[in-house]
Amino acid sequence: MAVEAPRSSAKAAAVPRVTYSAPQTAAVGLTEAQAREAAYDVVVNTMPLTAVAKGMVHGRGGTVKVVAERDGRVLGVHLVGPHVSEMIAESQLIVGWDAEPSDVARHLHALRRSRRRSARPS
């Protein structure tokens with residue numbers, strides 16, 4: 001009896017990829033090269049991870065790269081830096097739901113702190 005893989009409505013490109021290393025890498029969606037090869041009119045925005053609130057908390061560098069259609073949806077998000085594996089889920093939703101950068105820009109997000117504080121007596 002053959003076992004069939006479960007069917008999924010998720011796009012293959014919307015499956016996150018994470019490498020647990022130092023620094024970590026995380027990505028979802030198309031790379032810039034894949035998007036150009038697929039004939040998308042691509043716009044790429046790269047910024048330091050410290051431009052993102054959670055990146056500020058960790059303060060140890062890193063990069064965020066967003067690949068999008070010109071005047072269109074986000075095609076891919078790529079992160080390098082500390083604890084980026086904890087940040088890729090939101091990017092998965094953005095790519096999976098074909099969100100445009102303007103859809104995402106108007107939302108603020110609370111993020112839990114990854115660093116543990118030492119207990120201090122009051």
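Before moving on, here are some points about what is shown:
- Unmet criterion (only one of (1) within 16 Å of VAL66 (Cα to Cα); (2) surrounded by fewer than 18 Cβ atoms within 10 Å (Cβ to Cβ); (3) of a type outside the set (Val, Ile, Thr)) for ALA35: (2)
- Here GLU90 fits the description: surrounded by 11 or more Cβ atoms within 10 Å (Cβ to Cβ), under 20 Å from THR50 (Cβ atoms) and modelled with pLDDT of 85 or more.
- In summary, VAL57 fulfils each of the numbered conditions (1) at pLDDT 90 or above; (2) in a helix (DSSP H, G or I); (3) surrounded by 14 or more Cβ atoms within 10 Å (Cβ to Cβ) with the single exception of condition (1).
The values are calculated or read from the model by the stated rules, or taken from the named source; none is laboratory data. In this text, all values refer to a predicted model and were calculated from it rather than measured experimentally. Here Cβ is always computed from backbone atoms with ideal geometry, including for glycine, and neighbour counts include all displayed protein chains.
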